[in-house]
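Undergrad: Okay, here's the structure, questions in a sec.
Every number in this text was worked out from the coordinates using simple rules, so none of it is lab data. The structure displayed is predicted, hence computed values, not measured ones. Glycine gets a Cβ as well: all are built from the backbone with ideal geometry, and neighbour counts include every protein chain shown.
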Amino acid sequence: MSLRASEDVEILRRSLARFVAEEVRPLEKEHRLPGDVSPPAELRRRVRMRSHELGLYAADMPHEVGGAGLSLSERVVLDAEAFSHETVFFEDLMGGPGGPSSILLACNDRQRERYLAPLVRGEITTCFALSEPEAGSDATGLRLRAEKRGARYVLNGSKNIITNAVQCDFAMVFAVTDEARGAMGGITCFLVEKGTPGFSVGRSHTCMGFSGFQGELVFEDCEIPADAILGQEGFGLALALDWINANRIKIGAMAAGVTRRLLAASATHARARRQFGRAIGENQGVQWKLADMATDLFATESMVTCAARMWDEKLDVRKEAAMVKLYASEMVNRAAYEAIQIHGGAGCLVETGLERVYRMVRVYTIVEGTSEIQRMGIARKVLKEHAA
Ligand SMILES: Cc1cc2nc3c(=O)[nH]c(=O)nc-3n(C[C@H](O)[C@H](O)[C@H](O)COP(=O)(O)OP(=O)(O)OC[C@H]3O[C@@H](n4cnc5c(N)ncnc54)[C@H](O)[C@@H]3O)c2cc1C
């Protein structure tokens, strides 16, 4: 199995490749955008809205909210394509952490119109604000409090290393509403608009690989109405945990897309670069690196295909999604390391673009649950499956 597309999705995949080559890359050149800094908000908006016009942006959201209704199996084909291109607009082609997600299908009618519909059209962006300075892997350690005062809630606390914190129009903020009830029943998701008194963006982080995306959110006596709650009070984490499985599978597809690029560059270089009177690709030491990279890529694509199909069939995919995320995120880091090795000194130069990829993919083993957290989840499931 590999990431193969049906005829309809193949048309979309080709359209995406053309969009990047003919519109997105020229836009980057026109504005001389650096390769490792988030582009200006207005340009990102332009790319998102054009992508939506082409039926690409948020394509896996249901028709009734303005999406193209693609399954996850179809969406991952496009994610892999998007990440096989080198572009600073990678978050804006299909819709990344700042775009619409299935969590927001819990919106009520008012929230749907105000947030979800413009989000799907690419007009505005959001952010998923769960992590805090004292709560990363362990989301049950959240300290941001939402205290109920009459018909309103008052938020106090902060969020840390949040993607799209700086540019988002509204945030999905996870806050403790009932300490005694813990993760299930005690954590609520609120939709909080930028400009709400008491809500501000703190530091913008300079992050390895790509800067300008991550930042802090600060809440100081931030008063919001009760209808800012997304879904049911106390069950914010339940919404997030369901969505996170699909996201982990998408990360697998992204890693596969990046690896396709690394493999193509490495094979091309191995054929062209000559040392000791012959192409370096004629040496077994280099061939084995290419063989391992290609095998890893095939394994990842197969895992992504299989897990996405399970998700579409509404099967319990928690273990498999964790396996995809674990394997793919470590695989793409191996591939980036070996791609630089195959390129020798040239691989370390900014002009080949590989050192940037090397830095960028490092975060893959951290975001959406670290490798250790994935292993923990997989092992727990395995032990349970083999309980006497
Ligand atoms: C680029 C980037 C973007 C991000 N975007 C977002 C975002 O949009 N929204 C958001 O909410 N968060 C975001 N994060 C935060 C991210 O989710 C956390 O960094 C991640 O969950 C890990 O938490 P932590 O950094 O606090 O590490 P910690 O939880 O402190 O872990 C530190 C180390 O200890 C290990 N560890 C912890 N517990 C265990 C255990 N029980 N067993 C074994 N090992 C363990 C971890 O695996 C890790 O190696 C982002 C982070 C980065 C780097």
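Undergrad: Can you tell me, using C-alpha contacts under 8 Å and at least 6 residues apart, the relative contact order of the chain as a whole percent? Don't skip to the end; give the middle numbers.
TA: Working: 709 pairs, mean separation 59.4, N = 388.
Relative contact order, the chain: 15 percent.
Undergrad: To continue, here is another question. List the Cys residues of the chain that have no partner Cys with a C-beta closer than 4.7 Å.
TA: Isolated Cys, the chain: C107, C189, C207, C222, C306, C348.
Undergrad: Projected area of the chain, taken from the Cα convex hull and averaged over every viewing direction, in nm²? Walk me through the numbers before you get to the answer.
TA: Values: hull surface 83.5 nm².
Mean orientational projected area (the chain, Cα hull): 20.9 nm².
Undergrad: Hand me the tally of lysine pairs in the chain: alpha carbons under 27 angstrom apart, and the pair either on different chains or 8 or more positions apart.
TA: So the count of such lysine pairs works out to 19.
Undergrad: Can you bin the stretch 1-110 into rounded, prolate or oblate? Criterion: square roots of the alpha carbon gyration tensor eigenvalues sorted a ≥ b ≥ c, rounded for a/c under 1.5, prolate for a/b above b/c, oblate for the rest. Before the final figure, lay out the partial values.
TA: On the way: a/c = 2.00, a/b = 1.23, b/c = 1.62.
Cα axes put the stretch 1-110 in the oblate bin.
Undergrad: What ranking do 197-203, 83-89 get when scored by the average of other Cβ atoms within 10 Å per residue, highest first?
TA: Values: 197-203: 15.0, 83-89: 21.0.
Ranking the peptides 197-203, 83-89 by packing returns 83-89, 197-203.
Undergrad: Taking 0.36 nm per residue of sequence separation and subtracting the Cα-Cα distance, how much length would be gained by fully extending the chain between Y337 and Q232, in nm to one decimal?
TA: Details: separation 105, 0.36 × 105 = 37.80 nm, distance 4.48 nm.
Stretched fully, the Y337-Q232 segment lengthens by 33.3 nm.
Undergrad: Something else now. All other residues with a Cβ under 10 Å from the Cβ of P97 taken together, and with Lys, Arg as +1 and Asp, Glu as -1, what is their net charge? Before the final figure, lay out each step's value.
TA: On the way: positive: none; negative: E91, E368.
Charge balance near P97 sits at -2.
Undergrad: When a footprinting reagent is the concern and you count Cβ atoms within 10 Å, what order do Y153, Y57, Y327 take, fewest first? Spell out each step's value before the answer.
TA: Details: Y153 23, Y57 26, Y327 19.
If I rank by nearby Cβ atoms, fewest first, I get Y327, Y153, Y57.
Undergrad: May I pose another question? Looking at the stretch 156-205, what % of the alpha carbon pairs are farther apart than 12 Å? Mind showing how you got there, number by number?
TA: Numbers: 817 of 1225 pairs.
The answer is 67 percent, as a whole percent.
Undergrad: Also, I was wondering about something else. Once you list every other residue whose beta carbon is under 14 Å from the beta carbon of R48, what net charge do they have if Lys and Arg are +1 and Asp and Glu are -1?
TA: Numbers: positive: R44, R45, R46, R50, R121; negative: E23, E42, E53, E91, D92, E123, D169.
Taking every Cβ under 14 Å from that of R48, the sum is -2.
Undergrad: Where does the stretch 58-129 land on the Kirkwood hydrodynamic radius, alpha-carbon pairs, in angstrom? Please report the intermediate quantities before stating the final value.
TA: On the way: mean 1/r = 0.0794 Å⁻¹.
It is 12.6 Å.
Undergrad: Another one. For the residues C207, C168, what sequence is obtained by ranking on other C-beta atoms within 10 Å, fewest first? Spell out each step's value before the answer.
TA: On the way: C207 19, C168 25.
Ordered by Cβ neighbours within 10 Å, fewest first: C207, C168.
Undergrad: Something else: Share of antiparallel DSSP beta bridges in the chain, in percent to the nearest 5? Please report the intermediate quantities before stating the final value.
TA: On the way: 30 of 35 bridges.
Of those bridges, close to 85 percent are antiparallel.
Undergrad: Evaluate the distance, in nm, between pseudo-label points positioned 7 Å from the Cα of T370 and of S15 along their respective Cα→Cβ axes.
TA: My value for the distance between the label points is 4.2 nm.
Undergrad: At 0.36 nm per residue, and after removing the present C-alpha to C-alpha distance, how many nm does the segment from A291 to E64 gain when stretched out fully? All intermediate terms of the calculation are to be shown ahead of the outcome.
TA: Details: separation 227, 0.36 × 227 = 81.72 nm, distance 4.48 nm.
77.2 nm is the gain from fully extending A291 to E64.
Undergrad: Applying a 10 Å radius around every beta-carbon, put 275-286, 351-362 in order of their mean neighbour count, most first. Let's see the in-between values first.
TA: Working: 275-286: 12.7, 351-362: 18.0.
Listed from highest to lowest mean packing, they are 351-362, 275-286.
Undergrad: Moving to a separate point now. Rounded, prolate or oblate: which fits the stretch 139-259, taking a ≥ b ≥ c as square roots of the Cα gyration tensor eigenvalues, rounded meaning a/c under 1.5, else prolate when a/b beats b/c? Could the numbers behind the result be given before it?
TA: Numbers: a/c = 2.25, a/b = 1.38, b/c = 1.63.
Cα axes put the stretch 139-259 in the oblate bin.
Undergrad: Helix-only mean residue ellipticity at 222 nm, the chain, DSSP H runs n ≥ 4 weighted -39,500 (n - 2.57), per residue, nearest 500. What is it? Spell out each step's value before the answer.
TA: Values: 12 runs with 170 residues, N = 388.
Calculated mean residue ellipticity at 222 nm is -14000 deg cm²/dmol.
Undergrad: Then there is this: Taking the Cβ of K314 as the center, what net charge do the other residues with Cβ under 14 Å away carry, scoring Lys and Arg +1 and Asp and Glu -1?
TA: Details: positive: R309, R318; negative: D242, D312, E313, D316, E320.
Value of the local net charge: -3.
Undergrad: Can you tell me, using C-alpha contacts under 8 Å and at least 6 residues apart, the relative contact order of the stretch 315-388 as a whole percent?
TA: Details: 48 pairs, mean separation 29.1, N = 74.
Dividing the mean separation by the residue count of the stretch 315-388 yields 39 percent.
Undergrad: Let me ask something else. List W311, W243, W288 from most exposed to least, where exposure is judged by having the fewest other Cβ atoms within 10 Å. Show your work: numbers first, answer last.
TA: Numbers: W311 21, W243 17, W288 11.
The fewest-first ordering by Cβ neighbours comes to W288, W243, W311.
Undergrad: I would also like to ask the following. What does the charge dipole of the chain about its Cα centre add up to, to the nearest 20 debye, if the Cβ of each Lys and Arg holds +1 and the Cβ of each Asp and Glu holds -1?
TA: Working: 48 positive and 51 negative charges, 172 e Å.
With Lys and Arg at +1 and Asp and Glu at -1, about 820 debye.
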